[in-house]
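**Student:** For reference, the structure I am asking about is given below.
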Amino acid sequence: MKRAALFCILSLLAGSIVSCTDKTGETTDVTVLSSPGDVLQMTFALDGEGRPYYSLDRGDTKVLLPSGLGFELRGAVKAQGLEYDGDKILKPDEVPPYMFNDGFKVVDVSTSSFDQTWSPVWGEESSIRNNYNELLVCLKHTSDDKLMNIRFRLYDDGLGFRYEFPGNQSLVHFVIKEELSEFNCAQDNKVWWIPGDYDTQEYQYATSTLTGISKVFKAHTNQYNSSTTMYSTTGIQTSVQMKTPEGLYVNIHEAALVDYPCMHLLCDGTRIRSWLTPDAQGWKGRLETPCNTPWRTVQVAASAEEQLASRLVLNLNEPCAYDDVSWIHPVKYMGVWWEMIAGAGSWSYTDASSIHLDSFDYASAVPHGHHSANNANVRKYIDFAAANGFDALLIEGWDIGWEEWANCNKDYVFDFVTPYPDFDIAALNEYAHTKGIRLVMHHETSSSVRNYERHMEAAYSLMNKYGYDAVKSGYVGDILPFGEYHYGQWMINHYLYAVTQAAKHHIMVNAHEAVRPTGLCRTYPNLIGNESARGTEYQAFGGNDPEHVTILPFTRLNGGPMDFTPGIFEQNLKDWCGNDSHVNATIANQLALYVTMYSPLQMAADTPEHYAPFMDAFQFIKDVAVDWNQTRYIAAEPGDYLIIARQPRQETLSGSAREFSQGRDTWFLGGVTDENEREFDVALDFLGEGDYEAVIYADAPDAHYKTNPQAYTITSKTVSAAGTIHIDMVPGGGVAISFRKI
Ligand code: NOJ
Ligand code: CA
């Protein structure tokens with residue numbers, strides 16, 4: 001059968017099989033599946049060479065044309081991973097592969113339906129509906145009886161599919177050369193993308209058509225990152241947001257990335273295909289049956305707001321793996337952090353250029369005098385955080401070794417347990433606890449992952465001893481062992497190992513530079529944060545374009561929350577610490593991010609000194625919740641603007657947010673714009689009955705992210721669900737509103 005046969009008239013019944021005749025007169029079976037509300041329709045078929053294909057439509061609109069499925073596997077399996085041709089050792093590319101994308105026959109097809117509502121431990125809403133129709137296709141390779149199943153789950157808001165390799169067959173241990181999943185777009189979609197890279201996601205987004213990617217690729221690379229490995233000028237990362245000419249929002253990502261390399265994409269015109277992250281030898285996944293791949297996801301929404309409301313990625317993850325989750329909680333925190341990022345202080349204690357960790361005598365070394373994690377400075381932050389009702393304080397640079405942390409390519413840089421001489425870990429924790437603050441541990445691994453795993457048990461035990469219950473970990477620089485990448489299977493397994501080991505110690509994890517999330521926080525809710533994208537720190541490394549925060553919720557946040565670290569009130573870093581970078585955001589924009597950038601872990605990232613002159617605006621950061629009962633996406637367009645309203649979840653309120661919201665109906669609204677000013681009239685129909693006091697933190701009319709970022713107005717008024725609020729946002733600006741029932 002040729003691909004043309006897939007276009008035959010399809011029945012819309014879930015799981016029906018339709019016989020089609022292609023041009024050659026050959027008859028073939030096309031299986032058709034509809035989503036529960038009949039919004040989406042997919043087909044599955046084998047062509048005449050036994051190649052599996054699927055396609056995806058939304059009513060009359062084609063989203064994906066027939067798209068191939070399958071694998072290229074490593075050919076012969078020999079000892080020590082070496083392949084020979086006579087006496088010549090073959091490189092991975094030279095080994096004749098075993099094609100596992102044709103020669104199949106269908107041995108079974110079954111369908112089922114699922115409809116359940118579940119409650120996340122924390123989230124953007126307190127209950128989520130998981131409703132799909134499922135198609136399971138069981139395939140057998142005709143030449144050698146090897147088995148592979150493909151499981152499709154079709155939702156009203158998208159499609160998920162994964163490959164499953166049953167046990168008890170001749171395929172046992174196998175190595176992937178490439179996954180050949182295609183996403184063959186029906187049109188030359190508009191696409192918001194970042195370069196495909198095995199080591200970093202710290203990019204601003206490019207906007208182009210699919211066919212235009214290579215033309216602007218070079219201009220969107222970030223060669224300054226401490227670890228970066230791109231592979232093609234048409235290579236891009238997921239979660240990638242697209243918009244079809246008909247106005248459909250289509251997003252490709254993956255869900256439940258476990259024991260498998262992270263999927264990137266390669267675009268050949270409008271035909272996109274999977275491109276896995278290789279290991280140190282160039283192979284792309286080592287598996288043992290029975291096993292399955294992560295889900296490949298294609299979300300399809302009629303509007304940008306619908307795309308943001310999609311919970312497909314979370315739904316495709318397994319339910320919570322922990323019986324007891326009482327120790328997991330949202331966190332609003334501050335950090336001894338931004339002053340180092342901006343350059344006003346440092347992580348290190350001395351200017352030594354070489355440190356042998358076990359023998360270096362820090363006690364008698366001469367400190368350089370700008371070590372931020374010192375007792376007095378940390379106490380100052382604890383006092384401010386406690387006085388303003390925060391839960392926690394992160395302290396970076398507390399442990400010995402920072403003199404050598406970045407790019408020394410050294411295995412043993414940190415031991416994760418020994419504080420610098422001016423950081424009294426016992427006294428500071430005790431002081432913090434008496435004031436109701438928990439300290440957040442920091443583990444910068446310098447990407448020396450073997451070293452981190454060697455010290456992990458001792459490091460987590462130390463946290464238990466002093467009462468830390470959350471750790472920020474980091475993976476700056478190239479991965480050690482050399483040749484492995486941040487997003488290869490080996491590292492994917494490490495990140496989850498760190499999370500599950502932490503769970504044994506009742507520790508929550510916020511991993512920076514780790515792989516971008518794929519909804520695993522549903523299963524492992526102690527994964528309360530990730531950076532895994534270009535965050536606020538880049539405001540000190542040259543600046544972020546204002547549109548960045550209007551795109552991230554469609555892309556990076558699709559798989560889980562981001563520790564974006566908003567709340568910068570002093571944009572002029574030059575006068576503060578001689579840093580030429582300018583923070584490209586108004587204060588009102590920074591406030592809005594607490595609502596628009598969803599995270600159960602939210603930092604107020606600036607320093608106590610920088611907040612002091614603006615405590616009236618800081619009130620919003622105190623009041624805002626970080627865990628939500630309901631969310632409404634009011635207006636959105638990636639790259640342009642975003643307005644979101646959220647109602648707090650009463651059960652998890654703490655600190656100053658509890659003071660503001662407990663026992664009262666409250667809502668918070670955040671709006672951000674790109675470099676253009678914008679105005680909106682927002683209907684308040686999300687509010688309950690009765691009157692609410694709205695406190696509106698807005699850009700002053702003369703505010704501008706470049707020239708006048710600190711100009712804002714704060715006004716109060718009585719509003720109700722029947723009314724509207726007019727919003728004006730200046731370039732790089734925003735708006736934040738708290739609503740409290742009177
Ligand atoms: C990069 C992280 O993103 C940043 O938050 C951290 O401060 C540094 N690494 C040091 O670990
Ligand atoms: Ca724009």
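**Student:** Output the qualifying pairs, or none if there are none: Cβ atoms under 9 angstrom, residues six or more apart or on different chains, first residue in segment 334-347 and near ligand 1 (Cβ under 8 Å from one of its atoms), second residue modelled with pLDDT under 95 and open to solvent by 10 Å² or more (accessible area, probe 1.4 Å).
**Tutor:** Hits for this filter: W347/W405.
**Student:** So which residues in segment 367-379 are closer than 20 Å to G467 by Cβ and either touching a Lys or Arg at 6+ places or on another chain (Cβ under 6 Å) or outside any loop (DSSP other than H, G, I, E, B) (or both)?
**Tutor:** N375, V378, R379, listed by residue number.
**Student:** Identify, from the list V250, V258, V240, the residue that is at pLDDT 95 or above, closer than 26 Å to Y538 by Cα and not basic (K, R).
**Tutor:** V240
**Student:** Of the numbered conditions (1) among the hydroxyl-bearing types (S, T, Y); (2) part of a loop (DSSP other than H, G, I, E, B); (3) open to solvent by less than 10 Å² (accessible area, probe 1.4 Å), Y412 fails exactly one; give the number of that condition.
**Tutor:** Evaluating Y412 over (1) among the hydroxyl-bearing types (S, T, Y); (2) part of a loop (DSSP other than H, G, I, E, B); (3) open to solvent by less than 10 Å² (accessible area, probe 1.4 Å) leaves (3) as the failure.
**Student:** Residues E675, E659, E689, E651: which one is open to solvent by 10 Å² or more (accessible area, probe 1.4 Å) and within 16 Å of ligand 2 (Cβ to nearest atom)?
**Tutor:** Just one listed residue meets the conditions, E675.
**Student:** Right, here's the next one. Would you confirm, using the coordinates I've provided, whether I425 is open to solvent by less than 20 Å² (accessible area, probe 1.4 Å), closer than 13 Å to Y333 by Cβ and not small (G, A, S)?
**Tutor:** no
**Student:** Cβ-Cβ below 9 Å, separation at least six or inter-chain, first residue in segment 57-68 and more than 13 Å from K243 (Cα to Cα), second at pLDDT below 95 and in a loop (DSSP other than H, G, I, E, B): which pairs?
**Tutor:** Matching pairs, first to second residue: D57/L10.
**Student:** Filter segment 709-742 down to the residues that are under 26 Å from H610 (Cα atoms), of a type outside the set (A, V, I, L, M, F, W, C) and surrounded by fewer than 16 Cβ atoms within 10 Å (Cβ to Cβ) and list them by number.
**Tutor:** Within segment 709-742, T713, T715, S716 qualify.
**Student:** Just to be sure before I move on: is D361 under 31 Å from the mean Cα position of the chain (by Cα) and of a type in the set (D, E) in the structure I sent?
**Tutor:** No.
**Student:** Which ones in segment 692-708 are out of contact with any helix residue (DSSP H, G or I) (no Cβ under 8 Å at 6 or more places or on another chain), surrounded by 14 or more Cβ atoms within 10 Å (Cβ to Cβ) and acidic (D, E)?
**Tutor:** E693
**Student:** Name the one entry in L684, L669 that is more than 16 Å from ligand 1 (Cβ to nearest atom), crowded, with 19+ Cβ neighbours inside 10 Å and closer than 23 Å to W122 by Cα.
**Tutor:** L669
Conditions tested, residue by residue: (1) under 32 Å from the mean Cα position of the chain (by Cα); (2) more than 16 Å from ligand 2 (Cβ to nearest atom); (3) closer than 18 Å to M340 by Cα.
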site	(1), (2), (3)
A365	no, yes, no
V378	yes, yes, yes
Y381	yes, yes, yes
N388	yes, yes, no
D399	yes, yes, yes
E404	yes, yes, yes
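**Student:** Quick one: which of D144, D199, D188 is modelled with pLDDT under 95 and among the charged types (D, E, K, R)?
**Tutor:** D144
**Student:** Let me ask something else. Please tell me if D606 is over 18 Å from L552 (Cα atoms) and open to solvent by 20 Å² or more (accessible area, probe 1.4 Å).
**Tutor:** no
**Student:** May I ask you to verify whether A373 is among the hydrophobic types (A, V, I, L, M, F, W, C), in contact (Cβ under 8 Å) with a residue 24 or more places away in the chain and within 22 Å of Q619 (Cβ to Cβ)?
**Tutor:** no
**Student:** Here's a follow-up. Are any residues in segment 178-237 open to solvent by 50 Å² or more (accessible area, probe 1.4 Å) and touching a residue at least 40 places away in the same chain (Cβ under 8 Å), and if so, which ones?
**Tutor:** Selection gives Q187, D188, K190, T207, T211, Y224.
**Student:** In segment 603-626, is there at least one residue being in contact (Cβ under 8 Å) with a residue 24 or more places away in the chain and within 19 Å of the chain's Cα centre (by Cα)?
**Tutor:** Checking segment 603-626: at least one residue is in contact (Cβ under 8 Å) with a residue 24 or more places away in the chain and within 19 Å of the chain's Cα centre (by Cα).
**Student:** Could you check how many residues of segment 166-202 are within 17 Å of M263 (Cβ to Cβ) and part of a loop (DSSP other than H, G, I, E, B)?
**Tutor:** 8
**Student:** Looking for something crowded, with 19+ Cβ neighbours inside 10 Å, part of a helix (DSSP H, G or I), modelled with pLDDT of 95 or more and of a type in the set (D, E) - is there at least one such residue anywhere in segment 388-402?
**Tutor:** No, segment 388-402 has no match at all.
**Student:** Sticking with this one: Are any residues in segment 494-552 within 16 Å of ligand 2 (Cβ to nearest atom) and either of a type in the set (K, R) or open to solvent by 20 Å² or more (accessible area, probe 1.4 Å) (or both), and if so, which ones?
**Tutor:** The answer is D545, E547.
**Student:** Just to be sure I understand the filter: pairs with C-beta atoms under 7 Å, separated by 6 or more residues or on different chains, first member in segment 438-463 and farther than 19 Å from I328 by Cβ, second member aromatic (F, W, Y) and surrounded by fewer than 19 Cβ atoms within 10 Å (Cβ to Cβ). Which pairs pass?
**Tutor:** N451/Y412
**Student:** With respect to N510, determine if the residue is within 16 Å of ligand 1 (Cβ to nearest atom) and on the phi < 0 side of the Ramachandran plot.
**Tutor:** For N510, the condition - within 16 Å of ligand 1 (Cβ to nearest atom) and on the phi < 0 side of the Ramachandran plot - is met.
**Student:** Need at least 2 residues that are in contact with a Gly (Cβ under 6 Å, 6 or more places away or on another chain) per element, so show me which strands (runs of 3 or more DSSP E) inside segment 616-689 make the cut, counting only ones lying wholly within it.
**Tutor:** Output list reads 641-648, 666-673.
**Student:** Continuing with the same structure: If the requirement is being assigned to a strand (DSSP E or B), closer than 19 Å to G567 by Cα and in contact with a Phe, Trp or Tyr (Cβ under 8 Å, 6 or more places away or on another chain), which of these qualifies: Y692, Y697?
**Tutor:** Just a single option satisfies the conditions, and that option is Y697.
**Student:** Also, quick follow-up: Within segment 448-456, does at least one residue satisfy the condition of being more than 16 Å from ligand 2 (Cβ to nearest atom) and outside any helix (DSSP H, G or I)?
**Tutor:** The answer is yes; a qualifying residue exists.
**Student:** Something else about it: I'd like to know if segment 438-446 contains one or more residues that are among the basic types (K, R), over 21 Å from the mean Cα position of the chain (by Cα) and within 27 Å of L287 (Cβ to Cβ).
**Tutor:** Among the residues of segment 438-446, not one is among the basic types (K, R), over 21 Å from the mean Cα position of the chain (by Cα) and within 27 Å of L287 (Cβ to Cβ), which makes the answer no.
**Student:** For segment 403-423, how many residues meet the condition of being away from ligand 1 (no atom under 13 Å from the Cβ), at pLDDT 95 or above and under 15 Å from I479 (Cβ atoms)?
**Tutor:** 0
**Student:** Could you figure out which of (1) crowded, with 23+ Cβ neighbours inside 10 Å; (2) outside any strand (DSSP E or B) isn't true of G483?
**Tutor:** That leaves (1) as the condition not met.
The values are calculated or read from the model by the stated rules, or taken from the named source; none is laboratory data. Everything numeric in this text was worked out from a predicted model, so none of it was measured. FYI the Cβ positions are ideal-geometry reconstructions off the backbone, even for glycines, and counts take in every protein chain you see. Ligands, DNA and RNA are excluded from the accessible area calculation, which covers all protein heavy atoms including side chains. Shrake-Rupley method; radii C 1.70, N 1.55, O 1.52, S 1.80 Å.
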